[in-house]
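Novice: Sharing a structure, written as structure tokens. Questions coming.
A short reminder: the numbers here are calculations on the coordinates, not readings from a lab. Predicted model, so just to flag it, every value in this text is computed and none were measured. Cβ sites come from the backbone with ideal geometry, for glycine too, and all protein chains shown count toward neighbours.
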């Protein structure tokens, strides 16, 4: 059975907010649009709000759905849903990542993104 993950695409001008996963964990050292897996009884918007608080201590509002992709992790199929997100305060605190920052599309294009996040980035660039 397919599981659902979500990611939030936050733009400041033409730059994207990306976070680098901690080395030693799953996809360690790779960059991603922040987000995570849905918990039972949670909808995608609730999951994004929770994940941004847990990972970056950011209070967000969830905007429009942007697109989706699929990936396999540990023999489990996932569907990754991407949403635009907004926040009144663009400051963040690293709680679960090694680094985070704002990157131009050309910088993102050359970064070591997880495969699923690379697919989302390519959708955004069309």
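Novice: Over the chain, what is the relative contact order in percent, taking alpha-carbon pairs closer than 8 angstrom and at least six residues apart? Don't skip to the end; give the middle numbers.
Specialist: Details: 248 pairs, mean separation 42.4, N = 126.
RCO, the chain: 34 percent.
Novice: Ranking request for peptides 76-82, 94-100: highest mean number of other beta-carbon atoms within 10 Å first, then the rest in descending order.
Specialist: Details: 76-82: 17.6, 94-100: 14.9.
Order by mean packing, descending: 76-82, 94-100.
Novice: Show me 45-56, 15-26 ranked by packing, highest mean number of other Cβ atoms within 10 Å first. Kindly include the intermediate steps, with their values, before the conclusion.
Specialist: On the way: 45-56: 19.4, 15-26: 16.2.
Per-residue Cβ counts within 10 Å, averaged per peptide and sorted highest first, yield 45-56, 15-26.
Novice: Would you calculate the separation in nanometres between label points at residue 110 and residue 1, each defined as 7 Å from the Cα along the Cα-to-beta-carbon direction?
Specialist: If labels sit at residue 110 and residue 1, their model points lie 4.5 nm apart.
Novice: Computed over the Cα atoms, what is the radius of gyration of segment 49-114 divided by 2.2 N^0.38 Å, N being its residue count? If you can, show how the numbers build up before the last one.
Specialist: Values: Rg = 13.7 Å, N = 66, 2.2 N^0.38 = 10.8 Å.
In units of the globular-protein estimate, segment 49-114 measures up at 1.27.
Novice: Could you give the length gained by full extension between residue 99 and residue 22, i.e. 0.36 nm per residue of separation minus their alpha carbon distance, to one decimal place? Walk me through the numbers on the way to the answer.
Specialist: Working: separation 77, 0.36 × 77 = 27.72 nm, distance 0.83 nm.
Length gained between residue 99 and residue 22: 26.9 nm.
Novice: Enter the per residue convex hull volume of the chain, computed from alpha-carbon coordinates, in Å³ rounded to the nearest integer.
Specialist: Details: hull volume 13.0 nm³, N = 126.
Cα convex hull per residue, to the nearest whole number: 103 Å³.
Novice: Here is a follow-up. With each run of n ≥ 4 DSSP H residues scored as -39500 (n - 2.57), what mean residue ellipticity at 222 nm is computed for the chain after dividing by its residue count and rounding to the nearest 500 deg cm²/dmol? If you can, show how the numbers build up before the last one.
Specialist: Numbers: 3 runs with 29 residues, N = 126.
When only DSSP H runs of four or more count, the value is -6500 deg cm²/dmol.
Novice: Select from 64, 40, 105 the residue whose mean-square fluctuation is largest in a Gaussian network model of the chain (Cα-Cα springs shorter than 10 Å).
Specialist: Greatest mean-square fluctuation among the candidates belongs to 40.
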